[in-house]
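Reading through the C-alpha cells given below for one structure.
The values are calculated or read from the model by the stated rules, or taken from the named source; none is laboratory data. Note that the structure is predicted; figures quoted are calculated from it, not measured. As a convention, Cβ positions derive from the backbone with ideal geometry for all residues, glycine included, and neighbour counts pool all protein chains shown.
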Amino acid sequence: MLSKEDNDILTQTGQGTPMGDLVRRFWVPALLASEVAEADGAPKRFRLLGEDLIAFRNTDGKVGILEEACPHRRSSLALGVNAENGVRCLYHGWKFGIDGECLDTPAEPPGASMVGRVRAKSYPVREVAGVIWTYMGPAEHEPVFPDFEWMHYPEGHCVPFKVLEDCNYAQAVEGTIDSAHAGVLHRESPWGHPAKYEHEKDLSPKLEVEYTKYGLRYGAVRNLVDEGKLHARVTEVVMPFFTLIPPDGAGVRKNRRMANAFVPRDDESTWHIQWFFDDTTPIDVEYRIKEGGHYVDENFRKLRNIDNWYLQDRQMMKTTNMSGIEGILMQDHAVSETQGRILDRTKEHLGGSDVAVVAWRRQMIRAARNFAKDGTTPSVLGADVPWSKIRAATVRFPDSSNWKAEVPLHPEAAAT
C-alpha cells in the first residue's frame with residue numbers, strides 16, 4: 001500500500017503538482033489525427049492534463065493546439081471560424097495562428113497594438129503514427145521525441161485507437177503491468193475448464209523486474225509442466241505511461257503486437273490511446289475492434305461502460321469466458337474503473353503478483369519527488385534512448401535458461 005502523500009503524488013497531474021510538472025516534460029499523445037483530418041474544419045475541443053484545449057488543422061494542413069479560452073474575453077475558440085491559416089474567435093473576431101500569434105483584431109480601433117503582441121497559449125505539435133502529439137513543458141527543455149520502431153511502419157501496418165477510461169491514469173497503467181491477471185480476467189473459458197492459452201495454464205507466474213534507462217521491463221515466467229519448458233511474457237514499461245504488451249505466442253493472437261499510452265485527461269479520467277502494429281501484415285481493424293470491444297460513441301466513451309455494468313453476461317461466465325464481458329479492453333477497463341475514479345492505495349493488501357506494479361509506482365513517485373526537489377529529470381528524457389530496440393516479447397525456453405538471456409536488453413538501454 002501507499003501513504004496518502006505518495007498516492008497524491010502519483011495520481012495528481014495538474015499544473016503545479018510534482019507529477020503534473022514532470023509529465024509535462026514529455027511528448028504526450030493528445031488526440032487522433034483523424035479528429036482534425038479536415039483543413040479549415042471545425043476546431044476540436046479536448047481536455048489534457050486538466051487543461052481545456054482546442055486542436056485545428058489550418059489551411060496549409062498544419063495542426064495547432066491552443067488553450068480553448070480566447071485571451072481577449074475568454075470565450076471558447078472552439079466556436080470560432082477556422083480559415084485562412086488561423087482560428088477566429090466568434091466574439092470579436094480576434095484571429096490566432098497555430099503558434100498562438102494574434103494575426104488580426106477587426107473590432108479594435110486602427111493602430112491597436114494587439115496584433116503581434118497578444119498571444120494565445122499554444123503548444124508545439126507533431127503528427128506521428130496517426131496521432132497528434134504535443135509537448136506542454138518549457139520550450140527550452142523540449143525533449144527528444146520517443147521514436148518507437150512501429151511509428152515507421154507502412155500505412156495500414158500501425159493503427160491507433162482511442163477510448164476514454166473513467167479513472168485515474170495510474171490505475172489504468174497498473175492494469176497492463178500486472179501479467180498475473182491475464183490468465184484470470186482474460187481467460188477464454190469458464191473457470192475450472194481447460195485453458196486455451198499458455199498464460200492461462202499457470203495462474204501464479206514468477207514476476208521479475210529489470211530497471212532500464214527508459215523505465216523498466218519485467219518477465220512473467222510460467223512453468224509449462226506438461227511440456228517441460230518455461231514461458232515468459234516480457235512487458236516493456238516506458239515512462240511516464242507507455243506499456244508495450246507482448247503477443248500471446250499461440251492461437252489467433254500469436255503475433256499480436258500492441259502499445260498503450262494512458263494519458264491523463266484530468267485526475268479522474270484517462271485517454272487510453274492504443275496502437276496495434278505488424279510489420280508484415282496490415283492490421284485487421286474490424287477484428288481488433290471486435291476483439292478488444294472498442295465500441296465507442298462520438299466522444300470516445302465506451303458503449304459498454306460502468307453505467308450499464310459493461311453488459312456483463314452471467315450466463316456467458318458459465319459457458320464462454322471467465323469475465324462475462326466481451327472484449328479484452330472492456331475487461332481491463334471494468335476492473336480499473338470499478339476501483340474508483342482515484343484508487344485509494346492506502347487500503348490495498350498487495351501480493352507477490354504486484355511486483356511490477358510496486359516497482360513502477362516507486363519509480364514514478366521517486367522521479368516526481370526528485371524533479372520537484374531540484375529539477376532532476378529521469379534518463380528517459382535524454383538523447384540516447386534506443387527507441388527502436390524497445391520491444392515486448394513472448395518466449396518459451398528450457399529451465400536451464402532465463403528470460404533475460406532469451407530477450408536481451410539492448411546495452412544502451414541499461415539503467416544509469
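Per-structure values
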quantity: Boolean, Val173 is of a type in the set (A, V, I, L, M, F, W, C), in contact (Cβ under 8 Å) with a residue 40 or more places away in the chain and under 26 Å from Arg301 (Cα atoms); calculated: yes
quantity: Sole exception among (1) more than 22 Å from Phe46 (Cβ to Cβ); (2) surrounded by 15 or more Cβ atoms within 10 Å (Cβ to Cβ); (3) over 22 Å from the mean Cα position of the chain (by Cα) for Gly116, by number; calculated: (2)
quantity: Among (1) surrounded by fewer than 21 Cβ atoms within 10 Å (Cβ to Cβ); (2) closer than 26 Å to Leu10 by Cα; (3) in contact with an Asp or Glu (Cβ under 6 Å, 6 or more places away or on another chain) - the single one Tyr135 does not satisfy; calculated: (1)
quantity: Long-range neighbours under 8 Å by Cβ, at least six apart or interchain, first residue of a type in the set (A, V, I, L, M, F, W, C) within region 190-211, second part of a loop (DSSP other than H, G, I, E, B); calculated: Trp191/Met322; Ala195/Arg187; Ala195/Ser189; Ala195/Lys201
quantity: Residues satisfying the stated conditions in region 373-410, i.e. without any contact (Cβ under 8 Å) to a residue 12 or more places away in the chain and acidic (Asp, Glu); calculated: Asp374
quantity: Leading residue by the ranking (modelled with the highest pLDDT) among those in region 247-278 that are of a type in the set (Gly, Ala, Ser) and assigned to a loop (DSSP other than H, G, I, E, B); calculated: Gly249
quantity: Verdict on Lys213 being basic (Lys, Arg) and crowded, with 17+ Cβ neighbours inside 10 Å; calculated: yes
quantity: Yes/no for Phe371 being more than 22 Å from Trp27 (Cβ to Cβ) and either in contact with a Leu (Cβ under 9 Å, 6 or more places away or on another chain) or outside the structural domain of Arg233 (by TED's automatic domain parsing) (or both); calculated: no
quantity: Test: Val238 is closer than 30 Å to Asp297 by Cα, modelled with pLDDT of 85 or more and β-branched (Val, Ile, Thr); calculated: yes
quantity: Residue check, Met330 assigned by TED's automatic domain parsing to the domain that holds Ile306, surrounded by 17 or more Cβ atoms within 10 Å (Cβ to Cβ) and farther than 17 Å from Phe241 by Cα; calculated: yes
quantity: Yes/no for Thr346 being modelled with pLDDT of 95 or more and not in a helix (DSSP H, G or I); calculated: no
quantity: Segments classed as strands (runs of 3 or more DSSP E), wholly inside region 68-173, with at least 2 members that are at pLDDT 95 or above and among the charged types (D, E, K, R); calculated: 125-128, 158-165
quantity: Subset of region 37-84 that is among the basic types (Lys, Arg) and under 19 Å from Glu101 (Cβ atoms) - its residue that is surrounded by the most Cβ atoms within 10 Å (Cβ to Cβ); calculated: Arg57
quantity: Breaking point among (1) in contact with a helix residue (DSSP H, G or I) (Cβ under 6 Å, 6 or more places away or on another chain); (2) without any contact (Cβ under 8 Å) to a residue 12 or more places away in the chain; (3) acidic (Asp, Glu), for Asp6; calculated: (2)
